[in-house]
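The structure appears right after this line, and notes come after that.
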Number of protein chains: 2
Amino acid sequence: MDVAARIESALTQAVGSAGQAGCPPRLAAAMRAAVFPKGARVRPRLCHAVASACGDDEPDATAAAGAAIELLHCASLVHDDLPCFDDAAIRRGRPSVHAAFGEPLAVLAGDALIVLAFQTLARAACSPRRMTQLTATVGAAVGVPHGIVAGQAWECENEIDLSHYHRSKTGALFAAATICGAAAAGADNPEAWRSLGEKIGEAYQVADDIRDAASDEEEAGKPVGKDAALGRPSAVIRYGLTGAISYLHELVADGIRTMPACANAHELKLLMEQEAKRLVPKRLAQFAA
Amino acid sequence: MDVAARIESALTQAVGSAGQAGCPPRLAAAMRAAVFPKGARVRPRLCHAVASACGDDEPDATAAAGAAIELLHCASLVHDDLPCFDDAAIRRGRPSVHAAFGEPLAVLAGDALIVLAFQTLARAACSPRRMTQLTATVGAAVGVPHGIVAGQAWECENEIDLSHYHRSKTGALFAAATICGAAAAGADNPEAWRSLGEKIGEAYQVADDIRDAASDEEEAGKPVGKDAALGRPSAVIRYGLTGAISYLHELVADGIRTMPACANAHELKLLMEQEAKRLVPKRLAQFAA
């Protein structure tokens, strides 16, 4: 089974537990809508890529970690789209969960997906020691003080700490993807993979800024131009379009330089470089350095 | 340290991680407001009582399990109070989290508390095997298909399945309290403690119905008479006030009868009987059978 199929299979199995008898059917449908049809699955792909580079000797641990991280990402999108935050009616080109199912089920589907991430880890057929390490890493990437929930909460402060904001809101779950990939494969010092995850995460954020500023709505699959309209920080506003594209490529190169030694380093490096190219919308690729 | 002090100490330590540098201060304050000042802490007290009856040979596991369950209970209150559910401005005699901090921080504080529960388990100094068991039990009690989030979601269905609704919304976290107490103490078959938890949980729900119907607002610490106003199921509406009080005592007696054999069974039985008496508001105790 290739990586994409392993990722979808793990997610289908996890979300399938919502389809069991006794689960409220509309909650189950809201959870499925939050996770399928698939997005780019960038975080689990990164997790699998690092696990593979480190030997991937407990594939069930890798699959569970990738699924847990993607479920948490999906949960954060559902809650971020709520009327009290972005009030987004469209996500991935379809109605957002609260637009389709109402606000109560959007709150609950997000909650249930957060819990499902930890249930998925607890159910994985992997050594309890690795499972504890994965749970701690994933928890730190989502919760307080520096996870994505804390990142989102910086938007509710009178004075925003920008470095904490970016590190938490974007970097934390990407860092979890690389650290969990290494931990799932039993690497000696999984924490050494944090920097790669943070750099790649920042590159994706820059790519998002580029798409928000320069793409049309059809290509992005969601409303565009929101950063400027809402006064949110953006690499394009800061560096200009060409500068932002160069910065994206620098980030990926930086990330690759910080990679710890591992069995399949060369393959992982190529994958990261391909990904950097894929991130820039086709009609803007001419601006790349 | 007595049980109440152990419970507060574990919760203070857990929520303290929100007070670290780099955490958005208003999110940290909202999380503290959701957990302190203390409520009755009935679920962690039940967890500690069962652990104690089973020998409590890994007290850190018991403390972490009790704290995790209480954090999840607090998270559910914060989300249940949101405008899209109960729209409750008052909780435990004080402003609810969304009333004090706004809706975005109430959503995020609930999310962060859910994650903190699992972080607390992952950080516990206990054997990884017990930690995996506790994580799976707590996850099942909160998530899909039968946890408290699923219970709340039954309120969003056109046709409500009452047995699943009660079992999930009230019983699940109480069942987790007894099962986790036994699992934290290394009992052979923790699942055998489910029935005690479910019966005690139902007794608390009946006590809540009694308080909602018969107490004044000052005594209950929240607005009363909501069940009848909102057409929600209630033991008082079903059995009358005297009938509901008798039913509460029967439930506790039933629960005690289902207790598996354990080292300190007699002590636990006395504690449960005391608790049943404490549950009925003083001026109604005369109606007890």
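The values are calculated or read from the model by the stated rules, or taken from the named source; none is laboratory data. Not measured: the values here are computed from a predicted model. Here Cβ is always computed from backbone atoms with ideal geometry, including for glycine, and neighbour counts include all displayed protein chains.
For the stretch A:92-142, name all the residues that are among the polar types (S, T, N, Q) and under 27 Å from A:THR178 (Cβ atoms).
Once the filter is applied, which keeps residues that are among the polar types (S, T, N, Q) and under 27 Å from A:THR178 (Cβ atoms), the stretch A:92-142 yields A:GLN119, A:THR120, A:SER127, A:THR132, A:GLN133, A:THR135, A:THR137.
Going through B:THR137, B:THR178, B:THR132 one at a time, which residue ends up being under 30 Å from A:ARG129 (Cα atoms) and within 7 Å of another protein chain (Cβ to nearest Cβ)?
Only one candidate passes the filter, namely B:THR132.
Going by the structure shown, is A:ILE210 of a type in the set (A, V, I, L, M, F, W, C) and touching a Phe, Trp or Tyr at 6+ places or on another chain (Cβ under 9 Å)?
Taking the combined requirement at face value, the residue does not satisfy it.
How many of the residues in the stretch B:22-72 are outside any helix (DSSP H, G or I) and not small (Gly, Ala, Ser)?
The qualifying residues number 10.
When you go through B:ALA203, B:ALA177 one by one, which is the residue that is buried (at least 21 other Cβ atoms within 10 Å of the Cβ) and closer than 22 Å to B:VAL144 by Cα?
That would be B:ALA177, the only listed residue that is buried (at least 21 other Cβ atoms within 10 Å of the Cβ) and closer than 22 Å to B:VAL144 by Cα.
State whether one or more residues within the stretch A:164-178 are in contact (Cβ under 8 Å) with a residue 40 or more places away in the chain, among the polar types (S, T, N, Q) and out of contact with any strand residue (DSSP E or B) (no Cβ under 8 Å at 6 or more places or on another chain).
Checking the stretch A:164-178: at least one residue is in contact (Cβ under 8 Å) with a residue 40 or more places away in the chain, among the polar types (S, T, N, Q) and out of contact with any strand residue (DSSP E or B) (no Cβ under 8 Å at 6 or more places or on another chain).
What's the number of the only condition in (1) within 14 Å of chain A (Cβ to nearest Cβ); (2) assigned to a loop (DSSP other than H, G, I, E, B); (3) within 24 Å of B:ILE69 (Cβ to Cβ) that B:ASP188 fails to meet?
Going through the list (1) within 14 Å of chain A (Cβ to nearest Cβ); (2) assigned to a loop (DSSP other than H, G, I, E, B); (3) within 24 Å of B:ILE69 (Cβ to Cβ), B:ASP188 breaks only (1).
Looking at this structure, is A:ALA182 part of a helix (DSSP H, G or I) and more than 22 Å from B:ALA117 (Cα to Cα)?
Considered against the rule, which asks whether it is part of a helix (DSSP H, G or I) and more than 22 Å from B:ALA117 (Cα to Cα), A:ALA182 comes out as yes.
Please pick out the residue among A:VAL78, A:VAL50 that is crowded, with 21+ Cβ neighbours inside 10 Å and either out of contact with any helix residue (DSSP H, G or I) (no Cβ under 7 Å at 6 or more places or on another chain) or within 14 Å of chain B (Cβ to nearest Cβ) (or both).
Exactly one of A:VAL78, A:VAL50 is crowded, with 21+ Cβ neighbours inside 10 Å and either out of contact with any helix residue (DSSP H, G or I) (no Cβ under 7 Å at 6 or more places or on another chain) or within 14 Å of chain B (Cβ to nearest Cβ) (or both), namely A:VAL78.
Inside the stretch A:136-169, can you point out the residues that are aromatic (Phe, Trp, Tyr) and under 17 Å from B:ARG123 (Cβ atoms)?
Matches in the stretch A:136-169: none.
Could you identify the single residue in B:GLY55, B:GLY39, B:GLY19 that is surrounded by fewer than 17 Cβ atoms within 10 Å (Cβ to Cβ) and either at the interface with chain A (Cβ under 10 Å from one of its Cβ atoms) or touching a Ser or Thr at 6+ places or on another chain (Cβ under 8 Å) (or both)?
Residue meeting the stated conditions: B:GLY19.
So A:PRO44 ticks every box in (1) at pLDDT below 95; (2) under 18 Å from the mean Cα position of the chain (by Cα); (3) under 28 Å from A:ARG232 (Cα atoms) but one. Which box is left unticked?
It fails just one condition, (1).
Go through (1) more than 9 Å from every other protein chain (Cβ to nearest Cβ); (2) more than 30 Å from A:PRO83 (Cβ to Cβ); (3) not hydroxyl-bearing (Ser, Thr, Tyr) and name the single condition B:LEU121 misses.
With respect to (1) more than 9 Å from every other protein chain (Cβ to nearest Cβ); (2) more than 30 Å from A:PRO83 (Cβ to Cβ); (3) not hydroxyl-bearing (Ser, Thr, Tyr), B:LEU121 is out only on (1).
Going by the structure shown, is B:ALA109 small (Gly, Ala, Ser), within 9 Å of chain A (Cβ to nearest Cβ) and crowded, with 24+ Cβ neighbours inside 10 Å?
Answer is yes for this residue.
With the requirement that a residue be over 23 Å from B:ALA34 (Cβ atoms) and either free of Cβ contacts under 8 Å to residues at least 24 places away in the same chain or in contact with a Pro (Cβ under 6 Å, 6 or more places away or on another chain) (or both), what does the stretch B:105-143 give you?
Across the stretch B:105-143, the qualifying residues are B:PRO128, B:ARG129, B:THR132, B:ALA136.
Would you check if B:ARG278 is surrounded by fewer than 14 Cβ atoms within 10 Å (Cβ to Cβ) and modelled with pLDDT of 90 or more?
So B:ARG278 does not fit the description; no.
To keep it simple, each residue is scored yes or no on (1) under 20 Å from A:TRP193 (Cα atoms); (2) away from chain B (no Cβ under 14 Å); (3) buried (at least 22 other Cβ atoms within 10 Å of the Cβ); (4) touching an Asp or Glu at 6+ places or on another chain (Cβ under 9 Å).
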position	(1), (2), (3), (4)
A:ASP2	no, yes, no, no
A:LEU27	no, no, yes, yes
A:ALA34	no, no, yes, no
A:PRO59	yes, yes, no, no
A:ALA68	yes, no, yes, no
A:LEU71	no, no, yes, no
